[in-house]
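Any read-out appearing in this document is the output of simple, stated calculations on the displayed coordinates, not a laboratory observation. Nothing here was measured: the structure is a model prediction, and the numbers come from that model. Positions of Cβ are generated from backbone atoms using ideal geometry, with glycine treated the same way; all protein chains shown enter the neighbour counts.
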Amino acid sequence: MPTVLGLEGSANKVGAGVVRDGAVLSNRRATYVTPPGQGFAPGPTGRHHRAVLLGLVRAALREAGVEPRDLDGVAFTKGPGMGSPLAVVAAVARTLAQLWERPLLAVNHCVGHIEMGRLLGRAPDPLVLYVSGGNTQVIAYSRRRYRILGETLDVAVGNCIDRLARLLQIPNAPSPGYNVEQLAKRGRQLIPLPYVVKGLDVSFSGLLSHLQAVTPKLLESGEATPEDLCFSLQDFGPFLGFGQETAFAMLAEVTERALALTRAKHLLLVGGVACNHRLQEMLRTMCRARGAELCPTDDRYCVDNGAMIAQAGWEMLRAGQVTELSQSGITQRYRTDEVEVTWRD
Ligand code: FE2
């Protein structure tokens, strides 16, 4: 029964999890939270991860009830992500793998999300919408690759939401996205915002710079409240027959197009923004209209975590796709479709 320890730390979350043959034995996580109005820079984020990662590994092993000798591999995030946090996690993974004489498994972060989603969603071949602070992609599996059918042409949807939170000085705990979602529920007024869809791709940079330009004026003159702005980023008015949010309506549109193209029966929603109930509701409605099903989303495994890296590592180990020490470097840019998926037919 292969047992794999997975380490994640590509952005402001850092985690350690243990997976054994489809069972998540533990999943420990810590988040680097910055004060309202501030984002997280690579240097301080890496230092945060360095301070807590060994404690998380110890806790994850204890909770899983496994000793280092019970492990069959050490998986870690190779990329994509922020340089300093990735480097910290990779250094710990390399050290532990050599110390314990276990193979290293260098995992693509996006593939980690997909494999965890496949495990929990119980859908063998879903269309995937990966939405987070760093990534926005519509993905489908074909001939040993997770193919990117559509993606953001500039910033990620989660980054757009986080930066609105920063603009409005909304707290970053538990997460800026969660707080924007709560405020959006009380928004009463729709501010028109740019809606940019190009085929299966989306663009959020115009939406973001528009928000940055109008927000101070609207708040100062009392023409709009922070709640209205959160709602408008999320809410778009009548579109395809249901009330929407601008950014989320764009995502629903490209995902619907991809569903039509692939004829997939299941949609898997992964990444930090997948926790947003409004986005889930919109996608569920869209899926139902197309005779497809939205796979259930579990907040514990949607947000970046160690178990998802362990799960992808477990698949790689099973297929014999281990990583040589000399090949265990990190990379900030690592596209989902660069990985040869040797563990699927
Ligand atoms: Fe992620």
By how many degrees, 0 to 90 and rounded to 10, does the Cα axis of helix 42-64 deviate from the longest principal axis of the chain?
60
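Convex hull over the Cα atoms of the range 181-229, averaged projected area in nm²? It would help to have the intermediate numbers written out before the result.
Values: hull surface 15.5 nm².
Spelled out: convex hull of the Cα atoms, projected over all directions, averaged, 3.9 nm².
Express as a percent, rounded to the nearest 5, the fraction of DSSP beta bridges in the chain (both residues included) that run antiparallel. Intermediate results must be reported in sequence, preceding the final value.
Numbers: 32 of 48 bridges.
If we restrict to bridges inside the chain, about 65 percent are antiparallel.
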Hydrodynamic radius by Kirkwood, which averages 1/r over all alpha carbon pairs of the range 125-299, in angstrom
16.2
One point scatterer per Cα, no solvent, Debye formula: log10 I(q)/I(0) for the range 39-86 at q = 0.16, 0.21, 0.22 Å⁻¹ comes out as -0.58, -0.84, -0.88
Straight-line reach from residue 265: which aspartates and glutamates have Cα under 14 Å away, leaving out those fewer than 8 places along the same chain?
125, 256, 293
Kirkwood calc, the range 1-67, C-alpha pairs only, radius in angstrom 12.7
Segments 187-200, 168-181, 133-146, 56-69 sorted - mean Cβ within 10 Å per residue, highest first
133-146, 168-181, 56-69, 187-200
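Using only Cα atoms, what is the ratio of the radius of gyration of the range 1-150 to 2.2 N^0.38 Å?
Compared with the compact-globule rule of thumb, the range 1-150 sits at 1.06.
Would you order 217, 265, 13 from fewest to most other beta-carbon atoms within 10 Å of each residue's own beta-carbon?
Working: 217 10, 265 15, 13 21.
Lowest to highest Cβ neighbour count: 217, 265, 13.
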So which aspartates and glutamates can residue 13 reach, going by Cα to Cα under 17 Å and dropping same-chain residues fewer than 8 places off?
162, 298, 299, 304
Put +1 on the Cβ of every Lys and Arg and -1 on every Asp and Glu Cβ in the range 125-299; which of 229, 159, 138 then has its Cα farthest towards the positive end of the dipole?
138
What's the percent breakdown of Cα-Cα distances in the chain across 10 Å bins, shortest bin first?
6, 27, 33, 23, 10, 2, 0
Measure nothing fancy, just the Cα-based angle from helix 83-100's long axis to the longest principal axis of the chain, in degrees from 0 to 90, nearest 10.
20
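Plugging the Kirkwood radius over Cα pairs into Stokes-Einstein for the range 227-336, at a temperature of 25 °C and a viscosity of 0.890 mPa s, what D comes out in µm²/s?
Working: Rh = 16.4 Å.
D = 150 µm²/s.
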Just to confirm the number: angle between the C-alpha axis of helix 157-167 and the first principal axis of the chain, 0 to 90 degrees, nearest 10?
60
